[in-house]
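Okay, so here's the structure we're looking at.
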Amino acid sequence: MSAAEEVVARNKELIAEVLQAYPEKSAKRRAKHLSVQENGSSECAVKSNIKSLPGVMTIRGCAYAGSKGVVWGPIKDMLHISHGPVGCGQYSWSTRRNYYTGTTGVDAFGAMQITSDFQEKDIVFGGDKKLEKLIDELEVLFPLNKGLSIQSECPIGLIGDDIEAVSRKKSKQYANKPIVPVRCEGFRGVSQSLGHHIANDAIRDWVFDKADAKASTFEGTPYDVTIIGDYNIGGDAWSSRILLEEMGLRVIAQWSGDGSIAELENTPKAKLNVLHCYRSMNYISRHMEEKYGIPWEEYNFFGPTKIADSLRRIASHFDDSIKDNAEKVIAKYQPLMQAVIDKYQPRLQGKKVMLFVGGLRPRHVIGAYEDLGMEVVGTGYEFGHNDDYQRTAHDVKDGTLIYDDVTGFEFEKFVEGIKPDLVASGVKEKYVFQKMGYPFRQMHSWDYSGPYHGFDGFAIFARDMDMAINSPVWSLTKTPW
């Protein structure tokens, strides 16, 4: 038996051992979500996008989180109303470090929390009038806002508030200002993924369709592109934009990180949409391809290998001057990247990583770890779909443990069984694994670091992974067991 076959067999035994803790029916259901990559398969054979098993700890978010926290919330010059009880809005108050330019509370509102603060009487009598009054107050308090979104929480869908009628009425009252109702009640769908889809549909119906009817003074060029699905965590979109502009492309919109409503309206005028977070924004990208004939290209700006590949694929949509510029940009940064690798690879070579994140990271960051000589031994998505796992299959090696919507219990047991050198996951898991004595990096918001995208970001990524794994603290502390 080869070494790879031994790893496959060992991980299959680990899955079987973990499943023994469940009742028979639950074990049968969870077994469909757990697998081991083998025989160079082009597909990860796991079930996904299915309702979480009742009674276990899921790490997923809800549809409201997908819309407000991901797609709409980072749009900086709009006010985003959490329509419902205060709890959901309070929880979403602290942003995912979606950096933006502007003065908070004056012409930028990304880090603000606005809620209609539903009470029991609002559940009984409805909240439409309260919502109208809230919009009127916001127009007085924040006169420089360029629009509003109404993010509906669970009670809104249950009692039947007509947020669409309120939006149309108030938009007309305020000179056709964009007011976008988003039916993202948390109970919809099986995870926050449906919230992404609902938010994309709201952009289609309430931004694009209305912008099509407006007279436009936009002057295009043959090199206009948009950055879609980059939320500018720690400045990621800025470090990505630098490379596209160095290639000679003109970025006419980036969203939703550091994005504006005007940029959303200009997006259908692009020659190419470059898509970073496939899971959250592929819906609107496909719509623009079908309606406006705009092609889209998924890209990966984690680590020099994937960056170079992505730059070349983006350049392939343009003329030879852009293709030549792409090669110049790659050549320009190659010495910097080699210096980073020479510095950190000796300290990280052979280190094993287990990933569990939402969005794109369970596959996109694999290449960056491999550029540093590290090995990804387990990966999975909180709310991935089948096409996410198909894409992942091309990036993982035989023996890699694959887990969809992994439960808290399963993840702990997998880490105990495989004993990786680093766990890279979300804030909900961070302190569990640190207390177990495992180095950890928070890969939703870069653990208050970043950016990680782009050539400059790779240097920060490498430093942070080295800092986590090789910190002397791990030799000075022991877990209770």
Members of region 168-199 that are more than 22 Å from the chain's Cα centre (by Cα), in contact (Cβ under 8 Å) with a residue 40 or more places away in the chain and not in a loop (DSSP other than H, G, I, E, B): I179
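Looking at region 349-360 only, could you name the residues that are under 20 Å from F433 (Cα atoms) and either of a type in the set (D, E) or surrounded by 22 or more Cβ atoms within 10 Å (Cβ to Cβ) (or both)? Quick ask: steps written out before the conclusion?
Keep residues of region 349-360 that are under 20 Å from F433 (Cα atoms), which gives 351-358.
Residues satisfying the conditions are V353, M354, L355, F356, V357, G358.
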Only listed residue being open to solvent by 10 Å² or more (accessible area, probe 1.4 Å), out of contact with any Gly (no Cβ under 6 Å at 6 or more places or on another chain), among the small types (G, A, S) and farther than 24 Å from L311 by Cα, chosen from G417, G399, G426: G417
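Got at least one residue in region 6-29 being more than 22 Å from M281 (Cβ to Cβ), within 23 Å of the chain's Cα centre (by Cα) and surrounded by 22 or more Cβ atoms within 10 Å (Cβ to Cβ)? Walk me through how you get there before you give the answer.
Step one: of region 6-29, the residues more than 22 Å from M281 (Cβ to Cβ) are 6-29.
Narrowing further to those that are within 23 Å of the chain's Cα centre (by Cα): none.
No, every residue in region 6-29 fails to be more than 22 Å from M281 (Cβ to Cβ), within 23 Å of the chain's Cα centre (by Cα) and surrounded by 22 or more Cβ atoms within 10 Å (Cβ to Cβ).
When you check V36 against the structure, is it open to solvent by less than 50 Å² (accessible area, probe 1.4 Å), within 27 Å of F409 (Cβ to Cβ) and of a type outside the set (F, W, Y), yes or no?
On the way: open to solvent by less than 50 Å² (accessible area, probe 1.4 Å): yes; within 27 Å of F409 (Cβ to Cβ): yes; of a type outside the set (F, W, Y): yes.
Spelling it out, V36 is indeed open to solvent by less than 50 Å² (accessible area, probe 1.4 Å), within 27 Å of F409 (Cβ to Cβ) and of a type outside the set (F, W, Y).
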Single condition Y100 does not satisfy, out of (1) touching a Gly at 6+ places or on another chain (Cβ under 7 Å); (2) surrounded by fewer than 19 Cβ atoms within 10 Å (Cβ to Cβ): (2)
Neighbours by Cβ (under 7 Å, 6+ apart or cross-chain): first from region 200-222, more than 13 Å from P181 (Cβ to Cβ) and in contact (Cβ under 8 Å) with a residue 24 or more places away in the chain; second in a loop (DSSP other than H, G, I, E, B) and open to solvent by 60 Å² or more (accessible area, probe 1.4 Å): P222/K271
Of residues in region 438-481 being open to solvent by 70 Å² or more (accessible area, probe 1.4 Å) and over 25 Å from F411 (Cβ atoms), the one farthest from the chain's Cα centre (by Cα): L476
Of residues in region 402-414 being buried (at least 23 other Cβ atoms within 10 Å of the Cβ) and among the aromatic types (F, W, Y), the one nearest to A31 (Cα to Cα): Y403
Every residue from region 175-203 that is surrounded by fewer than 17 Cβ atoms within 10 Å (Cβ to Cβ) and more than 19 Å from A253 (Cα to Cα): A175, N176, F187
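Just give me the residues in region 83-108 being hydrophobic (A, V, I, L, M, F, W, C) and modelled with pLDDT under 95, in sequence order. Even if it seems obvious, please write down each step before you answer.
Within region 83-108, the subset hydrophobic (A, V, I, L, M, F, W, C) is 86, 88, 93, 106, 108.
Selection gives V86, C88, W93.
The values are calculated or read from the model by the stated rules, or taken from the named source; none is laboratory data. Computed from a predicted structure; not experimentally measured. Cβ: placed from backbone, ideal geometry, glycine included. Neighbour counts: every protein chain shown. Please note that ligands, DNA and RNA were not included when accessible areas were found on the heavy atoms of the full protein model with its side chains. Shrake-Rupley method; radii C 1.70, N 1.55, O 1.52, S 1.80 Å.
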